[in-house]
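Trainee: Sharing a structure with you now.
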Ligand SMILES: [Cu+2]
């Protein structure tokens, strides 16, 4: 009896540890780019993705780890992408189906290696894509995360065509909402060099500091999807600034 109970506890615990995830790889303008794999030693890994310790979410909305995960230390490389190019992020085995996906960028500088000396702290970040509740109710509707699960764990984003050339961090953020009153943030960052003839940069109204953009008491974050009146609502407001798309479609 006791052994059985122990076995159940152990398997429940390991399920919980495994029931998270993140980006393992990218495809950038058609070129495969391995991510940093958190469960392998750092030595020998060379990635465009900033280092992260494990699959667990970030809970503290004021934590510096919210920017590029824990520890979010530097990547070894960067990937070239033209403005208007596509970046695909792969989340193999991603488990959760209630929540949003927001893709952000931050300008590091004009030199291709500028992101290597940029910690991502400060009012530098702008959204380039966001998807929350697309259709139906908060409890049962079509969320970005359901779309991720039915798209071979792939999330595709286009770099705005008119974006100014330079080095940028790209930050993919999942906000999972399946645990009552406990939003889970899953951020990962990668280094890009965007080329092209674009001349635009997002203006002030689009720029935020990641360690301050989310409020723990925001009704879009501090909620339970399982109870009324929230469960049957068909609107979920995506928090934060508007998405910057540039002037060229
Ligand atoms: Cu999880």
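The values are calculated or read from the model by the stated rules, or taken from the named source; none is laboratory data. What you see is a predicted model; the values in this text were computed from it and never measured. Counting neighbours? That spans all protein chains shown, and the Cβs are built from the backbone with ideal geometry, glycine included.
Trainee: Report, by residue number, each residue of the stretch 162-182 that is touching a residue at least 40 places away in the same chain (Cβ under 8 Å), in a loop (DSSP other than H, G, I, E, B) and either in contact with a helix residue (DSSP H, G or I) (Cβ under 8 Å, 6 or more places away or on another chain) or surrounded by fewer than 23 Cβ atoms within 10 Å (Cβ to Cβ) (or both). Outline the logic, then answer.
Mentor: In the first step, residues of the stretch 162-182 are kept if they are touching a residue at least 40 places away in the same chain (Cβ under 8 Å); the result is 162-178, 180-182.
Those still in the list that are in a loop (DSSP other than H, G, I, E, B) too: 162, 164-165, 177-178, 180-182.
Of everything in the stretch 162-182, those that are touching a residue at least 40 places away in the same chain (Cβ under 8 Å), in a loop (DSSP other than H, G, I, E, B) and either in contact with a helix residue (DSSP H, G or I) (Cβ under 8 Å, 6 or more places away or on another chain) or surrounded by fewer than 23 Cβ atoms within 10 Å (Cβ to Cβ) (or both) turn out to be 162, 164, 165, 178, 180, 181, 182.
Trainee: Please tell me if residue 44 is away from the ligand (no atom under 16 Å from the Cβ), in a loop (DSSP other than H, G, I, E, B) and on the phi > 0 side of the Ramachandran plot. First the steps, then the outcome.
Mentor: Numbers: away from the ligand (no atom under 16 Å from the Cβ): yes; in a loop (DSSP other than H, G, I, E, B): yes; on the phi > 0 side of the Ramachandran plot: yes.
Yes: the conditions hold for residue 44.
Trainee: Return yes or no: is residue 147 over 23 Å from residue 80 (Cα atoms), more than 16 Å from the ligand (Cβ to nearest atom) and part of a helix (DSSP H, G or I)?
Mentor: On the way: over 23 Å from residue 80 (Cα atoms): yes; more than 16 Å from the ligand (Cβ to nearest atom): yes; part of a helix (DSSP H, G or I): yes.
Against the criterion (over 23 Å from residue 80 (Cα atoms), more than 16 Å from the ligand (Cβ to nearest atom) and part of a helix (DSSP H, G or I)), residue 147 qualifies.
Trainee: Within the stretch 8-21, is there a residue that is within 19 Å of the chain's Cα centre (by Cα), farther than 24 Å from residue 120 by Cα and at pLDDT below 85?
Mentor: For the stretch 8-21, residues within 19 Å of the chain's Cα centre (by Cα), farther than 24 Å from residue 120 by Cα and at pLDDT below 85: present.
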